[in-house]
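Q: My structure is below; once you've seen it, I'll send some questions.
The values are calculated or read from the model by the stated rules, or taken from the named source; none is laboratory data. Source: prediction; values computed, not measured. Neighbour counts are summed over all protein chains in view; Cβ atoms, including those assigned to glycine, are modelled from backbone coordinates with ideal geometry. These area figures cover heavy atoms from the full protein model, side chains too; ligands, DNA and RNA do not enter into them. Shrake-Rupley method; radii C 1.70, N 1.55, O 1.52, S 1.80 Å.
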Amino acid sequence: MLPFGYAVRNLFRDPKSLFQAVLGSALVVLMVMVAAALNDGMAGVLSASGSPRNAILLGAGSEDSVLRSEISERAAGIAESSLNGLAEIAGVRAVSPEIHQMTLVSAAGSDQRQALVRGVTERAPLVYTKMTVTEGTFARPGGVMVGRLAWRRLGLPKDALGPGREIVVEDVTMTVAGVFAAPGTVMESEIWMDLNDLRSLSLRKNLSCVVLRLDGGAFPDVDLFAKQRLDLELAALRESDYFARLSAFYAPIRGMTWMTAILIATGALLGGLNTLYAAFSPRIREIATLQAIGYGRGAILFSLIQEATLAALCGAVVAATAAVLFLEGVAVSFSIGSFVLRVTPVVAAVGFGTGLGLGLVGAIPPGLRCLLPPVHEALRSAG
């Protein structure tokens, strides 16, 4: 075997080729890490948004989107009085009647943007246990409460939606009463307001859904209730199942991010192959000399792979550093919410695995091109 130092010394023989190889590898790894972070973030926020202890009553036939759902306002009271095993705090049962409305929202000096506005009552915190008010107060009539990532959804500066600021919903100016957090859920990009306020703004008579928190009760009982009350035209879903459906709906989009990353990576890999061909070709005579003095083709190829892998891993380190500096914590919006990109150990492992694969695979074709010619012909070559 050739010594490892031989591969390291050869790596720095042509600084220009080394720079090109490291840069190409860094771009590929960074693209793959972005795709992994996007997929991880979107899948994570959708899976974390649904609790298996929460059940949703929504309109029959609207199981795929609560935004299309309409149910009678009576459904909340009837469900509360008919179902056993609901969570209860201080004598108040965890039943949250809600209206979900995608509408245009703007703040001072900003353009109108689509945002999800949720009409709730003071019972909503009993159902959504991850939700906590971090600034100001809960939404009262005449005011709104914004998720801590709503600024990203509306394209505003991060501090533009604090308590006391004003936003315009359906051409009505409302004051921000508070800011809430619900870590890892889509709710953090929503705007919550009093149920009756949103009913007036949207001119709706019906609810979108009723969310129940179970405590000892079983979901089949809720499902049976929905099927028995044909007059209410209800369907029941576990909240976790509802978001699992949404996650499946967005699977093609996540696939597109991977496909984009793979296409870019393929182009960069081909460019990297050209760089390695250019780096290895002038060394055909040197490689033939190594064979002439007794080194086997396998040992020489292994040394060339070591060179390429070291360069690719250097690129992976550069990409990982760039990801931590510029990718970590970036808020990304999609149609129903926002999520924060995180450079998790899994994302970092995918990046370094990609760099390792580039080095291992990328060195083989140009290495074989240098090794396959007969030794006597290679020794007479101009390389």
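Q: Would you mention how many residues in the stretch 183-232 are open to solvent by 10 Å² or more (accessible area, probe 1.4 Å) and of a type in the set (S, T, N, Q)?
A: Final tally of qualifying residues: 5.
Q: Quick one: is Glu80 surrounded by 21 or more Cβ atoms within 10 Å (Cβ to Cβ) and either outside the structural domain of Arg148 (by the TED database) or under 29 Å from Gly216 (Cβ atoms) (or both)?
A: Values: surrounded by 21 or more Cβ atoms within 10 Å (Cβ to Cβ): no; either outside the structural domain of Arg148 (by the TED database) or under 29 Å from Gly216 (Cβ atoms) (or both): yes.
Spelling it out, it is not the case that Glu80 is surrounded by 21 or more Cβ atoms within 10 Å (Cβ to Cβ) and either outside the structural domain of Arg148 (by the TED database) or under 29 Å from Gly216 (Cβ atoms) (or both).
Q: Now for a separate question. Kindly provide the set of residues from the stretch 258-280 that are in contact (Cβ under 8 Å) with a residue 40 or more places away in the chain, of a type outside the set (A, V, I, L, M, F, W, C) and open to solvent by 40 Å² or more (accessible area, probe 1.4 Å), ordered by number.
A: Thr260, Tyr277
Q: Right, here's the next one. Residues that are touching a Lys or Arg at 6+ places or on another chain (Cβ under 6 Å): list the helices (runs of 4 or more DSSP H) wholly contained in the stretch 184-281 that include at least 1 such residues.
A: Values: elements: 195-202, 219-228, 239-249, 251-280.
Per the criteria, 219-228.
Q: Another question, if that's okay. Does the stretch 32-42 contain at least one residue that is of a type outside the set (S, T, N, Q), touching a Leu at 6+ places or on another chain (Cβ under 6 Å) and under 30 Å from Val343 (Cα atoms)? Even if it seems obvious, please write down each step before you answer.
A: Residues of the stretch 32-42 that are of a type outside the set (S, T, N, Q), as a first pass: 32-38, 40-42.
Now narrow it down to the ones that are touching a Leu at 6+ places or on another chain (Cβ under 6 Å): 37, 41.
Subsequent filtering for residues that are under 30 Å from Val343 (Cα atoms) retains 37, 41.
Yes, because at least one residue in the stretch 32-42 is of a type outside the set (S, T, N, Q), touching a Leu at 6+ places or on another chain (Cβ under 6 Å) and under 30 Å from Val343 (Cα atoms).
Q: Which residue out of Glu239, Glu307 is open to solvent by less than 40 Å² (accessible area, probe 1.4 Å), touching a residue at least 40 places away in the same chain (Cβ under 8 Å) and within 18 Å of Asp14 (Cβ to Cβ)? Can you show your working first?
A: Working: Glu239 fails: within 18 Å of Asp14 (Cβ to Cβ).
Answer to the check: Glu307.
Q: Among the candidates Arg93, Arg68, Arg118, single out the residue that is buried (at least 17 other Cβ atoms within 10 Å of the Cβ), closer than 17 Å to Ser335 by Cα and not hydrophobic (A, V, I, L, M, F, W, C).
A: On the way: Arg93 fails: closer than 17 Å to Ser335 by Cα; Arg68 fails: buried (at least 17 other Cβ atoms within 10 Å of the Cβ).
Criteria check complete, one pass: Arg118.
Q: Here are the criteria: (1) more than 30 Å from Leu67 (Cβ to Cβ); (2) open to solvent by less than 50 Å² (accessible area, probe 1.4 Å); (3) modelled with pLDDT of 85 or more. Tell me which single one Phe326 does not satisfy.
A: Failed condition: (2).
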